[in-house]
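Provided herewith is a single structure, encoded as structure tokens, for subsequent inquiry.
What follows draws every value from the coordinates through simple rules; no lab data is involved. The structure displayed is predicted, hence computed values, not measured ones. Cβ: placed from backbone, ideal geometry, glycine included. Neighbour counts: every protein chain shown.
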Amino acid sequence: MGVVVQKYGGSSVGTVEKIKQVAKTIISRKDQGDSVVVVVSAMGDTTDDLIGLAKQITNSPDKRELDVLLSTGEMISCSLLAMAIKDLGYDAISYTAYQIGIKTIGPYGKSLIDNIDGEKLRESLIEGKIVIVAGFQGINEEGDITTLGRGGSDTSAVAIALRLGGICEIYTDVDGIYSVDPRQYKAAKRLSEIDYEEMLELSSLGAQVMHSRSVELGQKYRIPIYVGLSNSSIGTVIREVTKMNMESKPVTGIATSDDDVAINIQNIPNDINLISNIFEKIASKRINVDMISQTTPINNMINISFTIPKVDLKECIDLLLEFADKDKISLDEDITKFSIVGIGMKSTSGVAGSMFKIFAESNIQIKMITTSEIRITCAIRREDKLKAVEAIAKKFNL
């Protein structure tokens, strides 16, 4: 048999009882003859609790020290799971990112995996051990602990599967990936498979099931990723989908996000060098800009609007003050990013027209729009989100 890399999310290891159950599931897979590596997230709401502790100390925690603090959550669940497996009579060993050489680059809180030294992992597997790895973390070239961002344990798992030549299974509290968040639309359909491109778009646009960088890594190296419940054979496989399947329907899914803010810079010179400098400066801090719009020049002056994650707002405003006075910068926090995604859009005309017609009939105001070959994203009022989800889901049979 081969190497299986399994990842268990925070809800799956949220209590001692759940950890013990996961231990039994892992042992069952080991008994099938596979070599098993397990990546775990922090228990339940541990990460949020740790952030809360840091905020009790200071409103602006030092990013290096915050990463050190947050990395402890995965270490706790990692060691407890290893104990549970050993208590059931099987050999297991837990490792931190430092111990197995997960090298990272980039800023604290948003680092990227650069390389993994797989030697220690392979040695432990050869010895017949079940290996438990703390996800979400790595070590940069200065030897500091860094974290990979929310959902980073998914990326840890895919990267380890790549290094070991194994398959990757992501276990969470849902039985697969749905066309729409079932909490927003009860009639949402579970997908048996989804293309890398579609999943990457949905993840980056607000779908909470998968970390976008893990999907990107899977796509780059063609690693199929299974997503589902640990105690069920029903789930979703993320992989390259055949052309026949992708053309069967234009829209595969809907994603929404309430975590963004629109920034408007008013009355600045229509100077491409100035605009380039603004967005290069934002990019240097790894702040993700999604939707961008610009007004027609009047007397060689323009307005520029764009969206960023709310968590980056303070840092972004501080940067913008180098280019514009404070009274020229305004915010719109009453937005939901609403997106439809589907590879079938590449070969189907009229999708945008249908979407806009439904919005017009439902009196849903569109504040900003951005598109790609396989997605259309609109910024709408937050109060219109559920109305938009239901209307679009019914139209495209999602």
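Can you give the local net charge around residue 376? Use residues other than it whose beta-carbon is closer than 12 angstrom to its beta-carbon, Lys and Arg +1, Asp and Glu -1. Walk me through the numbers before you get to the answer.
On the way: positive: 337, 375; negative: 201, 373.
Within the 12 Å Cβ shell, the charges total 0.
Turning to a different aspect of this structure: How long is the gain from residue 390 to residue 334 if the chain were fully straight, where each residue apart is worth 0.36 nm and the alpha carbon distance is subtracted? Present the calculation step by step, with values, prior to reporting the outcome.
Numbers: separation 56, 0.36 × 56 = 20.16 nm, distance 1.98 nm.
That pair, residue 390 and residue 334, stretches by 18.2 nm at full extension.
Determine the relative contact order of region 3-173: mean sequence separation of Cα pairs under 8 Å and six or more apart, normalised by residue count, in whole percent. Show your work: numbers first, answer last.
On the way: 358 pairs, mean separation 53.2, N = 171.
So the answer I get is 31 percent.
Still on this structure, please answer the following. Scan [x] 59, 49, 35; [y] 75, 48, 34; [z] 64, 60, 34 for the value of Cα extents along the principal axes in Å calculated from this model and give just the label.
From the options [x] 59, 49, 35; [y] 75, 48, 34; [z] 64, 60, 34, the structure gives [y].
Have a look at 300, 371, 234 and report the one farthest towards the positive end of the charge dipole of the chain, computed about the Cα centre with Cβ charges (Lys/Arg +1, Asp/Glu -1).
Checking the options against the dipole of the chain, the answer is 234.
What is the order of 371, 47, 155, fewest Cβ neighbours within 10 Å to most? Write down the numbers at each step before the final one.
On the way: 371 14, 47 21, 155 27.
Ascending number of Cβ neighbours within 10 Å: 371, 47, 155.
What ranking of 284, 372 emerges when the number of other C-beta atoms within 10 Å of each C-beta is taken as an exposure proxy, fewest first?
On the way: 284 10, 372 13.
Lowest count first: 284, 372.
Please list, short to long, the whole-number percent of alpha-carbon pairs of region 290-376 in consecutive 5 angstrom bins beginning at zero.
That works out to 3, 10, 18, 19, 17, 13, 11, 7, 2, 0, in percent per bin.
Next question, about the same structure. Based only on Cα atoms, what mean projected area does the convex hull of region 111-187 have, in nm²?
Values: hull surface 27.8 nm².
Across all orientations, region 111-187 yields a mean hull projection of 7.0 nm².
Between residue 285 and residue 311, what is the label-point separation in nm under the 7 Å Cα-to-beta-carbon projection?
So the two model labels end up 1.5 nm from each other.
Going from the alpha-carbon gyration tensor of region 260-332, what semi-axes, largest first and in whole Å, does one get by taking the root of 5 times each eigenvalue?
Details: eigenvalues 72, 31, 26 Å².
Equivalent ellipsoid of region 260-332: 19, 13, 11 Å, largest first.
Is the C-alpha gyration tensor of region 205-278 telling us rounded, prolate or oblate? Criteria: a/c under 1.5 is rounded; beyond that, a/b larger than b/c is prolate, otherwise oblate.
The shape class here is prolate.
What does the convex hull of the alpha-carbon atoms of region 3-173 project to on average, in nm²? Walk me through the numbers on the way to the answer.
Working: hull surface 36.5 nm².
Projected area, direction-averaged: 9.1 nm².
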